[in-house]
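A short write-up of the structure that comes next.
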Amino acid sequence: MADFGNDPGLWAARGIGSAAGAAVSLVYMLPKGRQEAASRFFTGLICGLIFGGPAGLWLVSKLGIAGALSGTEVMLAGSAATSLCAWWVLGAVARVAERYGGNEWVVGSG
């Protein structure tokens, strides 16, 4: 397994990938306002920073290209993919909850 310790280059790739994925997620599904845009951007950024390494390793193993990429490329791809997908998953959950949820899910009601 690759060692993604505290190498500054990998942290830079992780940050750049996370920011790029978060920015692309804003383009694909436009936010309703500034607050939603900021929330989505920071959600994607944080998820990309946290889960970028494992996601990158999973991606390259599924695609069978593990030997062809450097650790920086793996981290960049994983962070971008995780950041992009973070809001899509959260957005889908929010829309399902909005559609099928009612007041019975609110704490203290009923």
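Bear in mind that the values in this text are calculations on the coordinates, not laboratory data. In this text the structure is predicted, and so the values were computed from the model without any measurement. Neighbour counts run over all protein chains shown; Cβ positions are idealised from the backbone, glycine included.
Summary table
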{"quantity": "Residues Thr43, Thr82, sorted so that the one with the fewest Cβ neighbours within 10 Å comes first", "calculated": "Thr43, Thr82"}
{"quantity": "Gaussian network model of the chain, Cα within-10 Å springs - most flexible of Ala77, Ala37, Ala19", "calculated": "Ala37"}
{"quantity": "Residue exposure sequence - Phe51, Phe42 - by fewest surrounding Cβ within 10 Å", "calculated": "Phe42, Phe51"}
{"quantity": "Whole-Hz ³J(HN,Hα) from phi, Karplus 6.51 cos²θ - 1.76 cosθ + 1.60, for the range 20-26, glycine and proline x", "calculated": "5, x, 5, 5, 5, 5, 6"}
{"quantity": "Sum of side-chain charges, Thr72 neighbourhood, beta-carbon under 11 Å (Lys, Arg +1; Asp, Glu -1)", "calculated": "-1"}
{"quantity": "Nearest-0.05 FRET efficiency for Arg99 and Trp11, computed from C-beta distance (R0 35 Å)", "calculated": "0.35"}
{"quantity": "About the Cα centre, charge dipole magnitude for the range 8-105 (Lys/Arg +1, Asp/Glu -1 at Cβ), debye", "calculated": "120 debye"}
{"quantity": "From phi via Karplus (6.51, -1.76, 1.60), per-residue ³J(HN,Hα) for the range 55-71 in Hz, x at Gly/Pro", "calculated": "5, x, 4, 5, 4, 5, 6, 5, 7, x, 10, 4, x, 8, 10, 7, x"}
{"quantity": "At q = 0.19, 0.23 Å⁻¹, base-10 log of I(q)/I(0) for the range 8-105 (Debye sum, equal scatterers on each alpha carbon)", "calculated": "-0.83, -1.04"}
